[in-house]
Each structure stands twice: as C-alpha cells, then as structure tokens.
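Here is the structure we will look at, set down as structure tokens.
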Amino acid sequence: MEREVAPIINDFWGRAEFPRKAVWGLRDLGITGSQFDEHGCPGMSNLASGLISMEISRVDPSVGTFFGVHSGLALGSIVLCGDEEQKAEWIPKLLSWDKIGAFGLTEIETGSGVALGLQTTATRDGDSWLLNGNKKWIGNGTFADVIVVWARDVEDDQVKGFLLETPAEGFTAEKIEGKVALRAVENAVLRFDNVRVPETHRLQRANSFRDTAKVLRLTRGGVAWNSVGCAMGAYEAARAYAIRREQFGRPIASFQLIQDLLARMLAGITASQCVASRLSALQENGKVSEQQAAMAKMYCTTRTREVVQWAREVMGGNGILLENDVARFFVDSEALYSYEGTREVNSLIVGRAITGYGAFV
Ligand SMILES: Cc1cc2nc3c(=O)[nH]c(=O)nc-3n(C[C@H](O)[C@H](O)[C@H](O)COP(=O)(O)OP(=O)(O)OC[C@H]3O[C@@H](n4cnc5c(N)ncnc54)[C@H](O)[C@@H]3O)c2cc1C
C-alpha cells in the first residue's frame, strides 16, 4: 500500500477513478479471504484479518472498501451461505481475483430498512429465477464479475441470495458520479429487468434475511477496523505536519493546543483499536453477537469522525488540500460512518439488546 498506492492515490481519488493496476499487488499477498479457512483461504486469525483491513485503510479507505467488498462481503456471502459445490466453484476464483465480487443489498428506495422493505424480487421459473428491481451504491458494481444479489422470493416472501455473473441480459450497471467521499471506489446503480439466474447460482444456505445478517455481522467488524485505519492515516499525516510546520518561529507541534488535539486523536484511536481487537477476539471464539458487531462499528466510526476533523484542524487551511493527505480521510470517514448500517441503525441494534425494545419503527 505504501509503495504502490500512496504515491498515486490522491490523483485517482481526485479523478474519481479506481486505481486498478496499483491495487492488483494485494492479490499476490495471500490476504484475500484472510479470516476464512475453506477451499484455499489463508485461515488467519480474526485479529490478523482486522489488522489487514486497518493497514490497507491507513493508506487509503477507498482501497480498503474495494477489498472489504470483494474479500469480505462477496466472498463471505459464499463462505457463509453457499453449499459445498458453490464454495468449491467460487471461492478459488475470488481468491485468485480471476473473478471480482460485489454485494448488492441496498436499493434506490430502500437503505436502512432492507430487512423489511427489500423490493427486488426473485421469481422461480423452472430451473432458474428471474430477478427484477434495482440496487444502489454497489461497490465494485461497474466491473465486478460476480455480484451477490439479495432479492425477495415472491413465493414465500423471504430474502434470498443469488450469484449473478456479469454481463447478463437485462442487467445494467451505471457508475454513480459526484461522490465527495471514497471517490476512488466505483459505486453503481444496478438494474435488473427479468435477469435470469440458474437455481445452481442461488446461495443454498441463504433462506431469510437472518442469513444476510450473518454476513453483515462479520463484515461490520471489518468496517470497524477500516475506520481505525482511516483515523490512523489522518493522525500520522497531521503529526508529521505539526512537526515540520512552523509558525511564530516555532514548530506548531510545540504549541499546547496542537498537542491537545494530537493527544485526543491518539486516545480516540487507541480506544477504537481496543474495541476492534475485542470484537476480533469474540469472533475468534465464535461468540460474537449482532449487537457487539454493531457497537464496534458504531463506536469506531464515530471516534474516527472526530479524529479526522482534528487532523484537518491541525493543518489549518492546508488540511483541505488533497496533497497533504488528510482531506481524503476527512471525507472518506463520512462514508464509513454511514455504510453497512448507519450510526443510528447500529445504535438501535445495540439499544434493542440493552432494553429488549426494538425502536426501529
Ligand atoms: C460509499 C458507499 C458504499 C456503499 N456500498 C454498498 C455496497 O457495496 N452494497 C450495498 O448493498 N450497499 C452499499 N452501501 C449502502 C449503505 O449500506 C447505505 O447507504 C446505508 O445502509 C444507509 O442507507 P441509506 O443511505 O439509504 O440511508 P437511509 O436508510 O435512507 O437513512 C437516512 C437517515 O435516516 C436514518 N434512519 C433510517 N432508519 C432509521 C430509524 N429506524 N431510526 C432512526 N434513524 C433512521 C439513518 O440513520 C440516516 O441518518 C454503500 C453506501 C455508501 C455511501
């Protein structure tokens, strides 16, 4: 990341272009699917997997998001919800990056309310299914070779997962333009007009939204770690700047108020690292609950939002220039804060566990 991505990322981010060539080196590190141990996955600890997400995002959260979508959401859906045949076919293809994955859950009209309100439909037609509807915000959606599409079976009203290979008749992907965060990720609006998917491509162990939620429980931990990395990247750039920048004839790092910001940043990062590490330890023992994952995602992204603001502040006006390596983290943290469950929705998950009352509606 430091050698290949750091030198070019501001340029790609500025042009809202995914740095394909530069990220390809990640493929050869053997870190894809790190937390899984089936069909050639590396079988690392959850902590190691989290640290990988952190380190990627420490250099760039867009690349961290690309990796999280491919290696976590897409591959994770297959590991958690596919049958043995599907795993044997797809896991090696995603590990080698012969196929790049995406994860299609959110829709134009349905975001936080997907559990109840998912509108994309799946209709059984002989040995296959017809998908109709749309998806919004889908990371890697413009170039993914396989997209995990979540759709409601019109027969039993349950949410099911489908592996859609692209291109496909009736399927279109349109890049979302005008984003001010995670600009180097290619997010897309997907449309499905009677798109045919064989029954063999239906994830055989995804029978209701509860199974979708299992994937999110896993990947919310990854987002917590991504946000820790995002905060670290901003902190490191701000600290280096404070040491080299002089005002009133002295390095600004020698001023008490600057040190106060740096101290608060480091405390926020350290607290987040502890929360994310604890979540990884719980995952390791297979004991993590939905509310623990939600709490870690909520807590870490909230701390990160503070840290990146302070990092920007340390740099004064120069903090809003891409070239000083904080502005990117500053705005990217906004997307981390809201995707894979907004801060509000994750706190509602925690609140329900604390009180016994669901307060979503
Ligand atoms: C950069 C980016 C990448 C993404 N990548 C993907 C992807 O790859 N795949 C995918 O499927 N999705 C993806 N998403 C979608 C993301 O998960 C959603 O944006 C998120 O779940 C929130 O949905 P929404 O944006 O429609 O907001 P809404 O659900 O419309 O929420 C709007 C506001 O209302 C609040 N709100 C909603 N419901 C409640 C409630 N019951 N109580 C209190 N407040 C509430 C929310 O917290 C928020 O503040 C991505 C999003 C972004 C921005």
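A few comments on the model shown:
- Most to least packed among 313-324, 298-309 [average Cβ atoms within 10 Å]: 298-309, 313-324
- Around the amide H of residue 202, modelled in the peptide plane, lie the amide H atoms of 163, all under 5 Å away and 5 or more residues distant in sequence or on another chain.
- What the Cβ-Cβ distance of residue 89 and residue 267 gives, at R0 = 51 Å and to the nearest 0.05, is a FRET efficiency of 0.60.
- The slack in the chain from residue 177 to residue 239, taken as 0.36 nm per residue of separation less the alpha-carbon distance, amounts to 19.0 nm.
- Using the average count of surrounding beta-carbon atoms within 10 Å as a protection proxy, the listed peptides 43-50, 75-82, 348-355 rank, highest first, as 75-82, 43-50, 348-355.
- Estimated FRET transfer efficiency (residue 2, residue 355; beta-carbon r; R0 51 Å; 0.05): 0.70
- Helix 256-284 axis, angle to the chain major axis (alpha carbon atoms, nearest 10°): 30 degrees
- For the range 31-133, convex hull volume per residue from C-alpha positions, Å³: 133 Å³
- Seen through its C-alpha gyration tensor, with square-root eigenvalues sorted a ≥ b ≥ c, the range 89-195 comes out oblate because a/c lies at 1.5 or above while a/b is not bigger than b/c.
- In the range 228-283, the portion of solvent-accessible area held by carbon and sulfur atoms comes to 58 percent [1.4 Å probe, whole percent, DNA, RNA and ligands not counted].
- Rg/Rh, computed from the Cα trace of the range 209-355 with Rh as the Kirkwood radius, has the value 1.07.
- Rounded to the nearest whole Hz, the Karplus-based 3J(HN,Hα) values (6.51 cos²θ - 1.76 cosθ + 1.60, θ = phi - 60°) of the range 62-72 follow the sequence 5, 5, x, 6, 3, 5, x, 5, 5, 7, x, with x at glycine and proline.
- Listed values for the range 36-46 are Karplus-derived 3J(HN,Hα) couplings in whole Hz (6.51 cos²θ - 1.76 cosθ + 1.60, θ = phi - 60°), namely 9, 10, 9, 6, x, 5, x, x, 7, 6, 5, and x replaces Gly and Pro.
- Residues whose placed amide H lies under 5 Å from that of residue 129, excluding near-sequence neighbours: 197, 199
- Loop-located GluC sites (Glu not before Pro) in the range 1-68 whose Cβ has at most 15 other Cβ within 10 Å (DSSP): 2, 17, 38
- Relative contact order (percent, whole number), the chain, Cα cutoff 8 Å, 6+ residue spacing: 18 percent
- Qualifying chymotrypsin sites (Phe, Trp or Tyr not before Pro) in the range 309-360, where qualification requires a DSSP coil assignment and no more than 14 other C-beta atoms within 10 Å, comprise 357, 360.
- 3J(HN,Hα) couplings calculated from phi for the range 226-236 with the Karplus curve 6.51 cos²θ - 1.76 cosθ + 1.60 (θ = phi - 60°) are, in sequence order, 4, 6, 4, x, 4, 5, 5, x, 5, 4, 4 Hz; Gly and Pro show x.
- Averaging the Cα positions of each part gives two centres, and for the range 92-168 and the range 197-227 these lie 11 Å apart.
- Estimated distance in nm for a label pair at residue 322 and residue 115, the labels positioned 7 Å out from Cα along Cα-to-Cβ: 3.9 nm
- The radius of gyration of the Cα set in the chain, together with its Dmax, comes out at 20.6, 78 angstrom.
- Close amide H contacts of residue 103 (hydrogens built in the peptide plane, cut-off under 5 Å, sequence separation of 5 or more or a different chain): 139, 148.
The values are calculated or read from the model by the stated rules, or taken from the named source; none is laboratory data. Only a predicted model underlies this, so the values are computations on that prediction, with no experimental measurement involved. Please note: Cβ atoms are built from the backbone with ideal geometry, for glycine as well, and neighbour counts cover all protein chains shown. Ligands, DNA and RNA are stripped out before the accessible areas are found, and what is left, the full protein with its side chains, is counted by its heavy atoms. Shrake-Rupley method; radii C 1.70, N 1.55, O 1.52, S 1.80 Å.
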